[in-house]
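Notes follow once the structure below has been shown.
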Amino acid sequence: MPQIILDENDSLCPSCERYIGFVTECPYCDADSYKGSLIVKMRVMTLLIAVAGSILLGLSALCHSIPILTVSGIGASANGRIVRLSGQIDGRVTASEADGNISFNIKDGTGRIKVIVDSTCAQMPALGGQKLKQGMRLSLVGRISLGDDGRARFLARGMDGDILDVSGEEISKSGNGR
């Protein structure tokens, strides 16, 4: 591989001798400045690599599906992961007047977890004006958070799919919660 040897004169304009970096034309006097073809090729290659990387990152984000997790499957490795959790509301639904958060417990047949719905998501359009109540089955998308005490909490960021009440009648349909 050829080595690039640059001296400080390569970054100065040949006419006015001001610093111009690696541009091929001086912005001060419009004089042409010869730069090695390898430098020009490297600039084009870095641009192509950046564009290709951005495209691959976008494709990987589009193809990624949110995994479904059961309460019994929550461990230390699940901390901070965005997952989908489905279950039935167990116990009271409480709303905090101080910060507007809603909290309740969900059981999915394998265990129970405390769910906290942030005040920004508390007015979930998927509910269609219905209040959350005990026995209601729903599917949530959110983040698992393990506290210092080792207990897991589910920080909901949206609804996913159908929301069913205790009788099994459909209340509403929503998007995927992303």
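No lab work stands behind these numbers, since they all come straight from the coordinates. Quick caveat, the model's predicted, so the values are computed rather than measured. Don't worry about glycine lacking a Cβ; one is built from the backbone with ideal geometry, like all the others, and counts go over all protein chains shown.
Prolate is the label for the stretch 8-63, because the ratio a/c of its alpha-carbon gyration tensor axes (a ≥ b ≥ c) is 1.5 or higher and a/b is greater than b/c.
Put simply, when 135-144, 92-101, 64-73 are sorted by average Cβ atoms within 10 angstrom per residue, most first, you get 135-144, 64-73, 92-101. Amide H to amide H, with H built 1.01 Å from N, S33 comes under 5 Å of E25, C26, counting only residues 5 or more places away or on other chains.
3J(HN,Hα) along the stretch 73-82: x, 7, x, 4, 6, 8, 4, x, 6, 8 Hz, from the Karplus curve 6.51 cos²θ - 1.76 cosθ + 1.60 with θ = phi - 60°, whole Hz, x for Gly and Pro.
Sequentially through the stretch 56-69, phi angles give Karplus couplings (6.51, -1.76, 1.60; θ = phi - 60°) of 5, 5, x, 5, 5, 6, 5, 7, 7, 9, 7, x, 8, 10 Hz, Gly and Pro residues having no value and appearing as x. For the stretch 107-115, backbone phi angles converted through the Karplus equation (6.51, -1.76, 1.60; θ = phi - 60°) give residue-by-residue couplings of 10, 10, x, 10, x, 10, 9, 7, 10 Hz, Gly and Pro being listed as x.
Residues whose amide H lies under 5 Å from that of G91, counting only those 5 or more places away or on a different chain, are G135; hydrogens are built 1.01 Å from N in the peptide plane.
Quick one: net charge of G75's neighbours, Cβ under 13 Å, K/R +1, D/E -1? Spelling it out: positives minus negatives among the neighbours equals +2.
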